[in-house]
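Step one of this worksheet: look at the structure below.
Please treat every number below as a calculation from the coordinates, not as lab data. Here the structure is a predicted model, which is why all the values come from computation and not from measurement.
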Amino acid sequence: MASSAAVPFWRAAGMTYITYSNICANLVRNCLKEPFKAEALSREKVHFSISKWADGKPEKPILRSDTPGV
Amino acid sequence: MLRQASRLISRSVTAASSKSVTARAFSTELPSTIDSTFVESWKKVAPNMDPPRTPSSFMKPRPSTASSIPTKLTVNFVLPYASELSGKEVDMVIIPATTGQMGVLPGHVPTIAELKPGIMSVHEGTDIKKYFVSSGFAFLHANSVADIIAVEAVPLENIDASQVQKGLVEFTQKLASASTDLEKAEAQIGVEVHSAMNAALSG
């Protein structure tokens, strides 16, 4: 089996396509003019809660309201 | 009894499929060739069970390719949060593929193209609409339908040139000072995206 063709630089650095694509999208959003920029950033806001499990029981959850690009 | 089934399937499918796969390479119909030798061997081994269905029997037939090249290209341009163009009939689209700007006309060879940050333009008569696309994919089908998906696509007027310049300078600096592979990759992505936006605004 021949080794695959030259991989893109981000794949060689261990990044997946989704990460690459999301970084590109965030960079474009950050360069928008004002009303569009605010809309785009509010649209892409993510709220999630993570809880680690130990001994079959969830520990206290961490709530995160990340702004994009973080 | 079922342990034999998988051996049976693989044995007779490989024997028959080497012929049938090449025969139906460009077929637009569903393979109605339910492999009869397999069905017979199955009935001998498991007469009370229906032969298993194969994935291809669940598939809808491919939309047929028109015999003459259509005059218009149908474009579906979608973003995760909106459908920019849906079934729009246009004359041509130029997409920023990783292999270069690709012009797509009706009757284009079926292609899957990965897009790089760049300008996508939709040509309808004398009307040209341009979008800056952050990245995505374009699927060009044999029946002159183009499905273009992007994560972010903005009209060029919405991009702020001064922020693009600032970003370009910032990422060029980051690229020079980056240490780990990952940092270098991220800085490189920043440089590429901002240069593409720059070129789009000035070109």
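Results, tabulated for the structure shown:
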{"read-out": "Qualifying lysines (Cα of each under 27 Å from Cα of A:LYS60; at least 8 residues distant if same chain)", "value": "A:LYS45, A:LYS52"}
{"read-out": "Calculated on alpha-carbon atoms, Rg and Dmax of segment B:62-151 in Å", "value": "12.2, 36"}
{"read-out": "For segment A:12-37 versus segment B:100-178, the gap between their alpha-carbon centres in whole angstrom", "value": "13"}
{"read-out": "Interchain or long-range residues, amide H under 5 Å from B:ILE148's placed H", "value": "B:ASN76, B:PHE77, B:VAL78, B:PHE139"}
{"read-out": "Two-decimal log10 I(q)/I(0) for chain A, as the Debye equation yields it once each C-alpha is a single scatterer, q = 0.15 Å⁻¹", "value": "-0.74"}
{"read-out": "Derived scalar couplings ³J(HN,Hα) [segment B:85-102; Karplus, 6.51 cos²θ - 1.76 cosθ + 1.60; whole Hz; x for Gly, Pro]", "value": "10, 10, x, 7, 8, 10, 8, 7, 10, 10, 10, x, 6, 4, 8, x, 5, 10"}
{"read-out": "Computed over segment A:9-64: relative contact order in percent, which uses C-alpha pairs under 8 Å that are six or more apart", "value": "19"}
{"read-out": "Projected area, mean over directions - segment B:83-203, Cα convex hull, nm²", "value": "8.2"}
